[in-house]
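Report on the structure given below.
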Amino acid sequence: MKFKKYLPPLIMWLVFEMIAVTLAFTLDNIFYFFNFSYIGTAIASGLVLYGQKKKYARNAVQFAVGLYMLVYLGVLCRENMQIEGFWYYLFLGVFEAAAIHYVIAKILGPLLFGRGWCGHACWTAMVLDLLPFKTPSAPRRRWGFVRYFVFGASLIFVSLLFIIQVPDKGEIMRQSFIIGNIIYYAVGVALAYKCRDNRAFCKYICPITLFLKPMSYFSIFRIKVDEKKCISCGKCERVCPMDVKVPSNSRKKENATECILCMKCVEVCPKNALKL
Ligand code: SF4
Ligand code: SF4
Ligand code: SF4
């Protein structure tokens, strides 16, 4: 019974180790082994700490993975890990850096762990989650269309670099990573205060949700409710930062693809009716 609570971290760690070994061999680059071993170990450790009911387990993982990707890979190794970096490597026709990151964390990974990236690893959200508006105090605004413009703008920006054959595209990508993140943080914080909602940026602006939402619809890991135990008290919905209609097992429930697996609903349920 005690072992059971360590099963999800063990599975997650093994999945990342498989990715680490596979990429290291197929791309003949030991960096991928250390990279994915580190990320897998950080996430698994966070899940173990969460199982031990440590209060800041999720924030600890966000910083362990987020800072590694933002500071080490982005600033020190000068890789553009944002969506522009994904387009850049796609157009170059090479499976490296941001292209690998996007395929694993944001395109194929969500089939297994939904938007776990958003709840446990994103370097934008690691800061936004520290702001004071942990639970939205007002209904959602109809601003979700903005993300399509941001998505389109990022694609057009990188396409133009190739179409007009700008020299030293690599350097432009490196600088755009820094500038892009400064803009994201500024907009994210301003929007959080305007909407009194830490996750407003995720709901209305983030272009990556165009990958994350459709893929997480099919996620294997997701919050499920035992309808026999549920007393419809509504506590789970009141604490949900993403406005999910929590006590329903339908994949089509309201805001189902917004779930970031933060587990707050599970923690507050008085009947222990929710589980992953
Ligand atoms: S929606 Fe975007 S900004 Fe928000 S956590 Fe997910 S990837 Fe990060
Ligand atoms: S509170 Fe529950 S339903 Fe809402 S995002 Fe977190 S895990 Fe998902
Ligand atoms: S908190 Fe638990 S009991 Fe209350 S509505 Fe949610 S699932 Fe049902």
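Please treat every number below as a calculation from the coordinates, not as lab data. As the structure is a prediction and not an experimental result, all values here were calculated from the model. Here Cβ is always computed from backbone atoms with ideal geometry, including for glycine, and neighbour counts include all displayed protein chains.
Observations
- Residues that are touching a helix residue (DSSP H, G or I) at 6+ places or on another chain (Cβ under 6 Å) and within 14 Å of ligand 3 (Cβ to nearest atom) within the range 216-235 comprise just one, 235.
- Residue count for the range 220-244, restricted to those that are free of Cβ contacts under 8 Å to residues at least 60 places away in the same chain, away from ligand 1 (no atom under 16 Å from the Cβ) and in a loop (DSSP other than H, G, I, E, B): 10.
- Only residues that are near ligand 3 (Cβ under 6 Å from one of its atoms) and surrounded by fewer than 17 Cβ atoms within 10 Å (Cβ to Cβ) were counted across the range 236-246, and they come to 0.
- From 261, 274, residue being more than 10 Å from ligand 3 (Cβ to nearest atom) and not β-branched (Val, Ile, Thr): 261
- Filter result for residue 260 (in contact (Cβ under 8 Å) with a residue 12 or more places away in the chain and within 10 Å of ligand 2 (Cβ to nearest atom)): yes
- Looking only at the range 247-264, and only at residues there that are within 19 Å of residue 110 (Cβ to Cβ), more than 16 Å from ligand 1 (Cβ to nearest atom) and not charged (D, E, K, R), the one that is surrounded by the fewest Cβ atoms within 10 Å (Cβ to Cβ): 250
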